[in-house]
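Comments concern the structure below.
Here, each number is a calculation from the coordinates, and none is a lab measurement. Bear in mind that the values here come from a model prediction, so they are computed numbers and not experimental data. So basically every Cβ, Gly included, is an ideal-geometry build from the backbone, and we count neighbours across all protein chains shown.
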Amino acid sequence: MSDRLDVARARTGRVIFDTFRSHYDPRLAAWLLLRSYFLPEMAAVHLEAQVTTPSENIVSLGVFGVWRLLATNNRELARCAAVYTSPAAAVAAARREQSRAADLQLTAVRGPGSTKHGWILRSAGVPVVTTARWYESAGEAMAAGRTAVNVFASAQVVDGVSIGTPSGRRSRVLDRTT
């Protein structure tokens, strides 16, 4: 008889972190525009950067932190609802929300057009995760939201952040202190 084949461990999704150089970063503007459709009450929130100290585990480059959930094929499934004052705050929030992923409440939202639907995950009524794209129907959006919750619960939280450069390119900076 032949030996039993090893079953390779399935890849999991990833939670990655981005930071922006200023209030005027075009990627931050795009992030905030999409979020304003899902969460209009957060559209007028003023962003204030927190200066990070070199003793923190996350590099002190960039001023804001956000996290994104990626599928195994690197497609963005979800993004955090908040823009955090520092990359370290984004990492802490992602880990906190991941630990209670089973308790997040999923709701569908309608976008600016009849064929634009999305979803939001809330914790105790507070939005913590949003869709990363539009869907054609509310049912499709809800199915995508359920998938995102399942992927988020077991996703690998990546060490390091992606830093924007003055040219608009992104580079990944790893945290080697942990």
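Taking label points 7 Å from Cα along the Cα-to-Cβ direction, M42 and S137 give a separation of 2.8 nm.
Can you compute the FRET efficiency between Y24 and V126 using 1/(1 + (r/R0)^6), with r the Cβ-Cβ distance and R0 = 35 Å? Round to the nearest 0.05. Each step should come with its number before you reach the end.
On the way: r = 28 Å, r/R0 = 0.79.
That gives a FRET efficiency of 0.80.
The alpha-carbon atoms of segment 14-160 define a convex hull whose volume equals 109 cubic angstrom per residue.
In percent, rounded to a whole number, the relative contact order of segment 14-160 is 26, using alpha-carbon pairs under 8 Å and six or more apart.
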